[in-house]
Amino acid sequence: MYDGVKVIALIPAAGKGSRMKTERNKLMVTLEGRPLIEKTLEAFENHDWVDEIIVVTRDIVIEGDFRKISHRVQGGDTRQESVARGLEVIEDPEAYVLVHDGARPYVTGDLISRVIEGIAETGAAIPGVRVKDTVKKVEGNRVKKTLNREELLSVQTPQGFKARLLKEAYGRFGEQAVTDEATLMEMMDQPVLTVEGDYRNIKITTPEDLAGIKGVNQMKIGIGYDVHQLKSHRDLIIGGVKIPYEKGLMGHSDADVLIHAVMDALLGALGEGDIGQHFPDKDEAYKGISSLVLLAKTRDLMMAKGYRILNIDGVVVAQKPKLAPYLLEMAKNIAGVLCLEPAMVNIKATTTEGMGFTGLGEGIAAEAVLLIDKEL
Ligand code: CTP
Ligand code: MG
């Protein structure tokens, strides 16, 4: 509800996605772990002012759980026809209707709010961004004229209208092919307000659009290295697994050399110094503590900074004992604490063929690299 008015999102998602040239419909392409269309729907599902979602589909099935979806409508041959079919199920003439392309998954809550406030003001509101390129009118491959960029706006969706206006527009001019709803408003001399759009709110149309989106993420890489001495009368804990052996690793905490390497890699990627700065070995609080607890604290720091892990690769360097039987469990422990799919964590072991301190069994070393990213 916005100011006592019902707000309905109408999402045309019945296209073929032919220009994307993917086998699956472009709306089902995986984006951040779920189908693109679900990312689009989520923006409306999570918006406090939006009461209902009407989704128009043909080739795809939406499996996600969306409480606000009130109608699933069968799409038509064109986008315009799909929108018209969705509009038919709207009864309340005073409702605000937000028509939004299923193929624009990067719509934000703020943008949706701006459009809704625009409808309250004028009855019709669309988001737009200034054109960055110089735009020319052409005939074939000949330039006819240069358009004044100051007067141009590149418009997006959601386009918002009072239901009564949109129904009237479709009733009177719906048979004429147009590329957006606002054009129909112009045909009936209805003023349309423009509100600030968002350059990231692109329509996913061709393969470059997906490649471009990935580039908006900021990636960072981190490396971690740790060594502990092997001594009698200590448990051997590596990657959170207690391994039967005559010796264990010395340290202030449980001396989990692999977890320390992973933590250092993560702190490094975050630009947060190292493990010694965050968890000093002088601090009694960390005496004998499970390193998995410290890893969880490092994860919380990462999440507070808005990053997520893309993958981890680690190696434990030990002459003895044989670690192969425990590697999967180590990866599972790390993935569990960091809330990752197990496949995103890879842990290996190697000996140094009897050479050096690891080869002589004086200690165990571990190294880890990982990649993090965040959406900018
Ligand atoms: N759309 C629709 N019904 C149609 C055609 C398009 O609901 N008959 C929807 C699309 O699913 C998309 C939005 O309208 O969410 C914008 O259309 P577009 O980007 O052109 O998508 P497609 O038509 O699927 O792609 P293409 O034109 O490359 O086939
Ligand atoms: Mg199309």
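Looking only at strands (runs of 3 or more DSSP E) that lie completely in the stretch 171-268, which have at least 3 residues being closer than 30 Å to V316 by Cα?
Because the criterion is at least 3 residues that are closer than 30 Å to V316 by Cα, the strands (runs of 3 or more DSSP E) in the stretch 171-268 that meet it are 217-232, 236-238, 241-243, 247-249.
Would you call L166 closer than 21 Å to K6 by Cβ, in a helix (DSSP H, G or I) and in contact with a strand residue (DSSP E or B) (Cβ under 9 Å, 6 or more places away or on another chain)?
yes
Can you name the residue in the stretch 56-84 that is part of a strand (DSSP E or B) and of a type in the set (V, I, T) and is also farthest from the chain's Cα centre (by Cα) among such residues?
V73
Just the residues that are within 12 Å of ligand 1 (Cβ to nearest atom) and touching a strand residue (DSSP E or B) at 6+ places or on another chain (Cβ under 7 Å), please, taken from the stretch 30-46.
Residues satisfying the conditions are I37, T40, L41.
Show the residue pairs that are 6+ apart or on different chains and have beta-carbon atoms under 8 Å apart, the first residue being within the stretch 168-188 and more than 18 Å from P127 (Cβ to Cβ), the second being among the aromatic types (F, W, Y) and surrounded by 13 or more Cβ atoms within 10 Å (Cβ to Cβ).
Close Cβ pairs satisfying both conditions: A169/F161; M187/F173; M188/F173.
Just to be sure I understand, how many residues within the stretch 269-286 are surrounded by 10 or more Cβ atoms within 10 Å (Cβ to Cβ) and more than 34 Å from the chain's Cα centre (by Cα)?
Count: 4.
Which numbered condition trips up N25, out of (1) under 27 Å from the mean Cα position of the chain (by Cα); (2) without any contact (Cβ under 8 Å) to a residue 40 or more places away in the chain; (3) more than 8 Å from ligand 1 (Cβ to nearest atom)?
For N25, the exception is condition (3).
Restricting to the stretch 300-331, what's the tally of residues that are buried (at least 16 other Cβ atoms within 10 Å of the Cβ), of a type outside the set (S, T, Y) and either in contact with a Lys or Arg (Cβ under 6 Å, 6 or more places away or on another chain) or free of Cβ contacts under 8 Å to residues at least 12 places away in the same chain (or both)?
1
Does G354 satisfy the criteria of being in the same structural domain as E246 (by TED's automatic domain parsing), surrounded by fewer than 16 Cβ atoms within 10 Å (Cβ to Cβ) and out of contact with any strand residue (DSSP E or B) (no Cβ under 9 Å at 6 or more places or on another chain)?
Against the criterion (in the same structural domain as E246 (by TED's automatic domain parsing), surrounded by fewer than 16 Cβ atoms within 10 Å (Cβ to Cβ) and out of contact with any strand residue (DSSP E or B) (no Cβ under 9 Å at 6 or more places or on another chain)), G354 qualifies.
So T157 ticks every box in (1) surrounded by fewer than 18 Cβ atoms within 10 Å (Cβ to Cβ); (2) in a loop (DSSP other than H, G, I, E, B); (3) without any contact (Cβ under 8 Å) to a residue 60 or more places away in the chain but one. Which box is left unticked?
(1)
Residue check: is R34 surrounded by fewer than 20 Cβ atoms within 10 Å (Cβ to Cβ), at pLDDT 95 or above and of a type in the set (K, R)?
It is false that R34 is surrounded by fewer than 20 Cβ atoms within 10 Å (Cβ to Cβ), at pLDDT 95 or above and of a type in the set (K, R).
If you go through the stretch 43-55, how many residues are part of a loop (DSSP other than H, G, I, E, B) and acidic (D, E)?
Matching residues across the stretch 43-55 total 2.
Identify the single condition in (1) assigned by TED's automatic domain parsing to the domain that holds V115; (2) surrounded by fewer than 19 Cβ atoms within 10 Å (Cβ to Cβ); (3) at negative phi that H47 does not satisfy, given that it satisfies every other one.
Among (1) assigned by TED's automatic domain parsing to the domain that holds V115; (2) surrounded by fewer than 19 Cβ atoms within 10 Å (Cβ to Cβ); (3) at negative phi, H47 violates only (2).
So if I check each of E32, E52, which one is within 30 Å of G171 (Cα to Cα) and more than 15 Å from ligand 2 (Cβ to nearest atom)?
Exactly one of E32, E52 is within 30 Å of G171 (Cα to Cα) and more than 15 Å from ligand 2 (Cβ to nearest atom), namely E52.
Can you tell me which residue within the stretch 35-49, out of those that are more than 16 Å from ligand 2 (Cβ to nearest atom) and not acidic (D, E), is nearest to D65 (Cα to Cα)?
Of everything passing the filter in the stretch 35-49, L41 is nearest to D65 (Cα to Cα).
Please indicate, with yes or no, whether at least one residue in the stretch 7-16 is in the same structural domain as D110 (by TED's automatic domain parsing) and under 16 Å from the mean Cα position of the chain (by Cα).
No, the stretch 7-16 contains no residue that is in the same structural domain as D110 (by TED's automatic domain parsing) and under 16 Å from the mean Cα position of the chain (by Cα).
The values are calculated or read from the model by the stated rules, or taken from the named source; none is laboratory data. Computed from a predicted structure; not experimentally measured. Because the Cβ atoms are built from the backbone with ideal geometry, glycine has one as well, and the counts that use them run over all protein chains shown.
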